[in-house]
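What follows is one structure encoded as structure tokens, with my remarks underneath.
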Amino acid sequence: MKKNIVSNVVQNMKPSGIRAFFDLVLGMKDVISLGVGEPDFVTPWHIRESSIYSIEEGYTSYTSNKGLVKLRTYIAQDLKKRFGLDYDLNDEILVTVGVSEGVDVAMRALLNPGEKVLICSPCYVSYGPMVELAGGVPRYISLTEKEGFKLTPKLLEKNITPDVKAIMLNYPGNPTGVSYTKKELKDLCKIIVKKDLLVISDEVYGDLTYDFNHTAFPTLINARERTVYLNGFSKTYAMTGWRVGYVCGPKEIIAAMTKIHQYTIMCAPIMSQMAACEALSGSRKPIDEMIHEYHRRREFVVDRLNEMGLKCHKPQGAFYAFPSIKSCGLTSVDFASKLLKEKRVAVVPGTAFGPEGEGFIRISYASSFDHLKEAFDRMEEFINNRCR
Amino acid sequence: MDEILEILQKDARITPQEIAKMTKGKLSDVKKKIRRYEKEGLILGYKAIINKEVVEVKGSEVRALIEVKVAPQKDLGFDKVAERIYSFPEVVSCYLLSGGYDLLLVVEGKDLKTVARFVAEKLSPMEHVRGTVTHFLLKKYKEDGINLKSKDEDKRLAISY
């Protein structure tokens, strides 16, 4: 047998440092988990029902590589209605297997070996590895609590060198819940345009924005021609398991991405695409109710965390809070492990999302109000025993 | 609807403190509003929703939906007759409807006989009542927006990125 079975790229990829912690949580019973990165709602019934119906009707085949025309039409209409964006359903929209595939294919379509991509840290875990797998090099921009974990124009400018080709954005973001106002985005966009960067913008939490309206990146001046806009159905419509998302961008980029997509994935599953059609064309009522509920929980969660002495900036979107646990004098992993063992509450150590997450934990409030209350009572006991 | 009412309608156990947090309001204002709603009759009471499909309530319990045809009275319409009917404690709900009959009652009794007796002895002989049709309830699937099957477990992984 050859010595090097596994490719160098994969060998060099850093394994997740908190896999052991995850295994610990998954092996334990009766845990209240605030560590879940998906909605606690089940996909609304009208969406599930329409997918069941489509299976009964015999929709079990491949679809066009780019996705069902019907779905791309709805996506184009939805983007037009919400943001005034014009994307041609024929050659500027690609339906993907979740946003995850979108990120992967975007990186592979855009990067040459050694080209750098800016990624804000802490960030969702897969951006860096996707860049590496595509032959690129991630350059992490360290965000700080002092700046509310926001990318500032100054910080952005400082990190742009000639070998940087693109920037990965994610707002509202996982794990911090941070998002940007239109003004803030405009300021970032000016620099991005000046330095001629490409933008891969993961806006899957866009509908879960609470303090201001979400601004889609391609709506900014001179942004459309350089932006790969990523969105999906997982978070807004509570459809994580369906694995369906979409990418919009300039013709040239979508054509390149479609090439890769057709060889690797062929197409997103048709039953999921049918469900996504219903999500976009059916009743908004259950969706609006979910969003409203997250909003209320956010207020409760942030107040409660600050009260118990875990300093927490107010997240502008998604369903995450990212409080500091520095007052406890424990590392993130220690805090999370001890909290799990002593009080049976699971949270994700901030370091899961990059070294900048040390001293923080991620709390997901995609959990019923009863669970949140109970979990916070237990956390408060833990902090009173451990950290005072 | 006011947000406080919306929250309490979903879960009446949520405390004024928690409501204040959720709505970014002052605790004293929340308390004041709730007191006002109670006084003005916007909030009529608080109770737990018990799944009687699962719990054995003392003795068994029978529910019937009863259609009632009523001859309306001059000047009073249906109101007076309805009042006479819904004042019986056996009547849990009473609605005036359009269509083939006039009143729809939800009647509860400890067994079939009790309900039958109520219809035969109290309801049918009542002045202005022209006729009744009784439907006994066999199974409840959903009530007031709540599915009455046992709760679904959380199918998500306990932790994910």
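Read-outs throughout are calculated quantities, based only on the coordinates presented, and are distinct from any laboratory measurement. Nothing here was measured: the structure is a model prediction, and the numbers come from that model. Note that we place each Cβ from the backbone using ideal geometry, even for glycine, and neighbour counts take in every protein chain shown.
Of all GluC sites (Glu not before Pro) in segment B:36-109, which ones are in loop regions per DSSP and have a Cβ with at most 11 other Cβ atoms within 10 Å? If you can, show how the numbers build up before the last one.
Working: sites: B:Glu38, B:Glu40, B:Glu53, B:Glu56, B:Glu61, B:Glu67, B:Glu83, B:Glu90, B:Glu108; in loops: B:Glu53, B:Glu56, B:Glu61, B:Glu90.
Of the GluC sites (Glu not before Pro), the ones in loops of segment B:36-109 whose Cβ has at most 11 other Cβ atoms within 10 Å are B:Glu56.
Summing Lys, Arg as +1 and Asp, Glu as -1, what charge do residues with Cβ under 10 Å from the Cβ of A:Leu143 carry, A:Leu143 excluded?
Numbers: positive: A:Lys146, A:Lys150; negative: A:Glu145, A:Glu147, A:Glu356.
Once positives and negatives cancel, what remains is -1.
Relative contact order, percent, of segment A:316-388 when contacts are C-alpha pairs under 8 Å separated by at least 6 residues? Walk me through the numbers before you get to the answer.
Details: 94 pairs, mean separation 27.0, N = 73.
Computed value for segment A:316-388: 37 percent relative contact order.
When the helix-only estimate is applied to chain A (DSSP H runs of n ≥ 4, each -39,500 (n - 2.57), divided by the residue count), what is the mean residue ellipticity at 222 nm, nearest 500 deg cm²/dmol? List each step's numbers first, then the result.
On the way: 13 runs with 159 residues, N = 388.
Rounded to the nearest 500, it is -13000 deg cm²/dmol.
List the pair-distance distribution P(r) of segment A:210-251, using every Cα-Cα distance, as the percent of pairs falling in each 5 Å bin from 0 up to the bin containing the longest distance, rounded to whole percents.
The distribution over segment A:210-251 is 6, 20, 20, 19, 19, 13, 3, 0, given as percents.
Express as a percent, rounded to the nearest 5, the fraction of DSSP beta bridges in the protein assembly as shown (both residues included) that run antiparallel. Working shown, then result.
On the way: 36 of 58 bridges.
So the antiparallel bridges in the protein assembly as shown amount to around 60 percent.
Report the one residue of A:Cys120, A:Gly249, A:Tyr59 whose Cα lies farthest in the direction of the positive end of the charge dipole of chain A (charges on C-beta: Lys and Arg +1, Asp and Glu -1; origin at the Cα centre).
It is A:Cys120.
Add -39500 (n - 2.57) for each DSSP H run of 4 or more in chain B, then divide by its residues: what number comes out at 222 nm, to the nearest 500 deg cm²/dmol? Present the calculation step by step, with values, prior to reporting the outcome.
Numbers: 5 runs with 44 residues, N = 161.
Computed ellipticity for chain B at 222 nm equals -7500 deg cm²/dmol.
Please give me, ordered by residue number, the trypsin sites (Lys or Arg not before Pro) of segment A:234-312 that lie in loop per DSSP and have at most 15 other Cβ atoms within 10 Å. Present the calculation step by step, with values, prior to reporting the outcome.
Numbers: sites: A:Lys235, A:Arg243, A:Lys251, A:Lys259, A:Arg284, A:Arg296, A:Arg297, A:Arg298, A:Arg304, A:Lys311; in loops: A:Lys235, A:Arg243, A:Arg284, A:Lys311.
Qualifying residues, ordered by number: A:Arg284, A:Lys311.
Restricting to Cα atoms and excluding each atom paired with itself, what does the Kirkwood estimate give for segment A:1-87 in Å? Walk me through the numbers on the way to the answer.
Numbers: mean 1/r = 0.0527 Å⁻¹.
So the Kirkwood estimate lands at 19.0 Å.
Could you work out the relative contact order of chain A? I mean the mean sequence separation of Cα pairs under 8 Å and 6+ apart, divided by the number of residues, in percent. List each step's numbers first, then the result.
Details: 716 pairs, mean separation 93.3, N = 388.
About 24 percent, as a whole number.
Can you compute log10 of I(q)/I(0) for the protein assembly as shown with the Debye formula, treating each Cα as one identical point scatterer, at q = 0.09, 0.13 Å⁻¹?
Listed by q, the Debye log ratios stand at -0.80, -1.33.
Of the chymotrypsin sites (Phe, Trp or Tyr not before Pro) in segment B:1-106, which ones lie in a loop per DSSP and count no more than 13 other C-beta atoms within 10 Å?
Working: sites: B:Tyr37, B:Tyr46, B:Phe78, B:Tyr86, B:Tyr95, B:Tyr101; in loops: B:Tyr46, B:Phe78, B:Tyr101.
Within segment B:1-106, the qualifying chymotrypsin sites (Phe, Trp or Tyr not before Pro) (loop, at most 13 other Cβ atoms within 10 Å) are B:Tyr46.
What is the fewest-to-most order of A:Cys123, A:Cys189 by other Cβ atoms lying within 10 Å of their Cβ? Provide the component values of the computation, followed by the final result.
Values: A:Cys123 26, A:Cys189 23.
Fewest-to-most ranking of A:Cys123, A:Cys189: A:Cys189, A:Cys123.
Residue by residue, what Karplus-based ³J(HN,Hα) values in Hz, rounded to whole numbers, does segment A:248-260 have, using 6.51, -1.76 and 1.60 with θ = phi - 60° and x for Gly and Pro?
10, x, x, 2, 4, 6, 5, 4, 5, 5, 5, 4, 5
Under 10 Å, Cα contacts only: if you run a Gaussian network model on chain B, which one of B:Gly109, B:Gly45, B:Gly77 comes out with the highest mean-square fluctuation?
B:Gly45
Tell me, how many Å apart are the Cα centres for segment A:285-357 and for segment A:172-236?
23 Å
Pop out the Kirkwood hydrodynamic radius of segment A:307-388 from its pairwise C-alpha distances, inverse of mean 1/r, in Å to one decimal. Don't skip to the end; give the middle numbers.
Numbers: mean 1/r = 0.0784 Å⁻¹.
So the Kirkwood estimate lands at 12.8 Å.
Positive end of the charge dipole of the protein assembly as shown (Lys, Arg +1 and Asp, Glu -1 on Cβ, about the Cα centre): tell me which of A:Thr236, A:Ala321, B:Ile49 has its Cα farthest that way.
Towards the positive end, the residue furthest out is A:Ala321.
Angle, helix A:285-307 long axis vs. longest principal axis of chain A, Cα atoms, 0 to 90°, nearest 10?
30 degrees
For chain A, take the longest principal axis of its alpha carbons; what is the angle in degrees between that and the long axis of helix A:98-110, to the nearest 10 within 0 to 90?
Computed tilt is about 60 degrees.
Averaged across the residues of A:288-301, what count of C-beta atoms belonging to other chains lies within 10 Å of each residue's C-beta?
Numbers: counts 0, 2, 0, 0, 2, 3, 0, 1, 11, 2, 1, 7, 7, 2.
Counting other chains' Cβ atoms within 10 Å and averaging over A:288-301 gives 3.
Mind listing the lone cysteines of chain A, meaning no other Cys beta-carbon sits under 4.7 Å from theirs?
A:Cys120, A:Cys123, A:Cys189, A:Cys248, A:Cys267, A:Cys277, A:Cys312
Take segment B:29-111, drop everything but the C-alpha atoms, weight them equally and run the Debye formula without solvent; then report log10 I(q)/I(0) at 0.23 Å⁻¹ to two decimals.
-1.06
Quick one: net charge around B:Ala12, please, counting Lys, Arg +1 and Asp, Glu -1 for every other residue with C-beta under 14 Å from its C-beta.
-3
Given Cα positions, please report Rg to Rh for segment A:215-317, the hydrodynamic radius being the Kirkwood one. Please list the in-between numbers first.
Numbers: Rg = 18.3 Å, Rh = 16.8 Å.
Rg divided by Rh gives 1.09.
Using a Gaussian network model of chain A whose springs link C-alpha atoms within less than 10 Å, name the residue from A:Pro44, A:Pro355, A:Pro129 with the highest mean-square fluctuation.
A:Pro355
Give the shape of chain B as rounded, prolate or oblate, defined through the alpha-carbon gyration tensor: a ≥ b ≥ c are the square roots of its eigenvalues, a/c under 1.5 means rounded, and otherwise the shape is prolate if a/b is larger than b/c and oblate if not. Could the numbers behind the result be given before it?
Working: a/c = 2.80, a/b = 1.58, b/c = 1.77.
Since a/c reaches 1.5 but b/c is at least a/b, the shape of chain B is classed as oblate.
For segment A:180-265, what Kirkwood radius comes out of the mean inverse Cα-Cα distance, in Å? If you can, show how the numbers build up before the last one.
Working: mean 1/r = 0.0705 Å⁻¹.
Kirkwood hydrodynamic radius for segment A:180-265: 14.2 Å.
Would you mind calculating the relative contact order of segment A:86-213 from Cα pairs under 8 angstrom and at least 6 residues apart, reporting the percent as a whole number?
Values: 168 pairs, mean separation 30.8, N = 128.
24 percent.
Whose amide H sits under 5 Å from the amide H of A:Val125, counting only residues 5 or more places off or on another chain, with H placed in the peptide plane?
Correct list: empty.
For chain B, set up a GNM with springs between Cα atoms under 10 Å and report which of B:Lys69, B:Lys142, B:Lys33 has the largest fluctuation.
B:Lys33
Just to confirm the number: angle between the C-alpha axis of helix A:182-194 and the first principal axis of chain A, 0 to 90 degrees, nearest 10?
Helix A:182-194 sits at roughly 60 degrees to that axis.
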